Every structure is written in structure tokens, then in C-alpha cells.
Amino acid sequence: MNPQIENNFSYHAPKPGQPEIYTAIREKAKELAYLIDEKAPNSREKSLAMTKLEEAVMWANAAVARN
């Protein structure tokens, strides 16, 4: 049994304080999303930037949940 695989593919119920961390991460990412939306011209690159920002939020939240 591989502990990392077990951890990465398991449900992680929020522990006390974690929902507030998730909210803080999302709020900061939302600020950046609005800046990108306002300043970057509509383009494939802008779409990719938004997608990568969503990914960054997901991975940051996973870091909190898994560790």
C-alpha cells in the first residue's frame, strides 16, 4: 500500500479552520481573475491564464486538505 496514493485519492473532510483558508485563497484568486479580465485582451492566452488560475486554486486547496 502506498500512503501517498491512499492520501491523494481519499476524501478529506474539512478540519476546523480549513474552510476559512479555502475562502481566503479563492478571494485572492478572484481579485487576480478580475485584474486579468480587465487588463488582458480576449485571447487564447487570457483563457489559459484563467484556466491556470483555477488550477492554482484547486492545487492550493488540495495542499491544505491533504496535509
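The values are calculated or read from the model by the stated rules, or taken from the named source; none is laboratory data. Model, not experiment: these values are computed from the prediction. Because the Cβ atoms are built from the backbone with ideal geometry, glycine has one as well, and the counts that use them run over all protein chains shown. Please note that ligands, DNA and RNA were not included when accessible areas were found on the heavy atoms of the full protein model with its side chains. Shrake-Rupley method; radii C 1.70, N 1.55, O 1.52, S 1.80 Å.
Data overview
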{"read-out": "All positions within the stretch 49-63 that are open to solvent by 100 Å² or more (accessible area, probe 1.4 Å) and either small (Gly, Ala, Ser) or in contact with a Cys (Cβ under 9 Å, 6 or more places away or on another chain) (or both)", "value": "none"}
{"read-out": "Residue match in the stretch 35-48 (condition: open to solvent by 50 Å² or more (accessible area, probe 1.4 Å), in contact (Cβ under 8 Å) with a residue 40 or more places away in the chain, out of contact with any Ser or Thr (no Cβ under 8 Å at 6 or more places or on another chain) and not in a helix (DSSP H, G or I))", "value": "no"}
{"read-out": "Qualifying residue in the stretch 7-29 (condition: on the phi < 0 side of the Ramachandran plot, surrounded by fewer than 10 Cβ atoms within 10 Å (Cβ to Cβ) and either among the hydrophobic types (A, V, I, L, M, F, W, C) or touching a residue at least 40 places away in the same chain (Cβ under 8 Å) (or both))", "value": "yes"}
